[in-house]
Amino acid sequence: MRGALEFVKRPRIAAIIPVLDEEGAIGPVLAAIPREWVDEVFVIDGGSRDQTVAVASAAGARVLVVAERGYGRACASGAAAAIEGGAEILVFLDGDGSDRPEMIPSLVQPILDGKFDFVIGSRTRGVREKGSMGAHQALSGYVIGAAVGLVYGKRFTDMCAFRAIRADALARLGMREMTYGWNLEMQMRAARARLRILELPVPHGRRLAGHSKVAGTFRGTLKAGVRISATFARIVCEGWSPRHVSDDAKHL
């Protein structure tokens, strides 16, 4: 497979990993990324107080430090840098080791085949390590995903961070969310724009080190829930006309 990839010109692929205090996990995550598939890895640091930046740099990643915290802000900064560097396919994944980098080929191949524009992993449909995902996370993914289906006709089962998308398609979505609503916003805007979307089961594990900034605390869970709910309401209420949606689709 590697030989074939080396001799057949393919779109440039970049991996984008937002992090905050992940010194114990980011090294193994970067080591597991299949570099025959990924041309450049961007680690976007939101102000870590540990050795995350040093570990990521030593592992060969391009590290960007953003002045303001925010999950969406980190993802947007990484996407902008990757696109500026010529990336045509963007892969997003978490830096805590819960996502499996070896699954990257499964996410990007449908895009390389020209069949899909956006491929998203589903933890709820995949094999989950015990303790890797709370029941409230799985339930919220199903509920929000069903709501998106009612509004835009495309149903999801998760808001998993592990995903791949054509860079030009992402650039046209008009992403605005700078916090935890980034993943949902991408899914909603992609569905509204009639992107060709594929949801694939992916394995999900427990984080390799540290604690979750979202599911690890009641405050974090509540804050993320509020932001996600606000994102859903904002996008639904934007009042885009059917003609606007159709025009978006024509340009993708």
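Output the relative contact order of the stretch 2-88, whole-number percent, from Cα pairs under 8 angstrom with separation of 6+ residues.
Over the stretch 2-88, the number comes to 35 percent.
Stretch D50-R10 to full length: gain in nm at 0.36 nm per residue minus the Cα-Cα span?
The D50-R10 span can extend by a further 10.7 nm.
Can you list the equivalent-ellipsoid semi-axes of the stretch 1-139, largest first and in whole Å, using the square root of 5 times each Cα gyration tensor eigenvalue?
After diagonalising the Cα gyration tensor, the semi-axes are 23, 20, 15 Å.
Consider all pairwise Cα distances in the chain and report the whole-number % of them above 24 Å.
44
Once ligands and nucleic acids are excluded and a 1.4 Å probe is used, how much of R227 is accessible, expressed in Å² to the nearest 10?
80
If I take the Cα coordinates of the stretch 106-185 and project them onto the principal axes, what are the three extents in Å, biggest first?
35, 27, 25
Grab the Cα-Cα distance for E129 and V143, subtract it from 0.36 nm times how many residues apart they are, and report the gain in nm with one decimal.
2.9 nm
Using a cut-off of 14 Å between alpha-carbon atoms, which aspartates and glutamates can reach K115, once sequence neighbours fewer than 8 places away in the same chain are excluded?
Straight-line reach from K115, under 14 Å: E199.
What aspartates and glutamates sit close enough to K223 to cross-link, taking a C-alpha to C-alpha distance under 15 Å and skipping anything fewer than 8 places away on the same chain?
Here the aspartates and glutamates satisfying the reach criterion relative to K223 are E177.
Quick one: which residues, 5+ away or cross-chain, put their amide H under 5 Å from the amide H of S122? H built at 1.01 Å from N.
Result for S122 returns L200, V202.
The values are calculated or read from the model by the stated rules, or taken from the named source; none is laboratory data. Bear in mind the structure is a predicted one, so any value in this text is a computation, not a measurement. The protein model used for the area step is the full one, side chains on, heavy atoms only, and it has no ligands, DNA or RNA in it. Shrake-Rupley method; radii C 1.70, N 1.55, O 1.52, S 1.80 Å.
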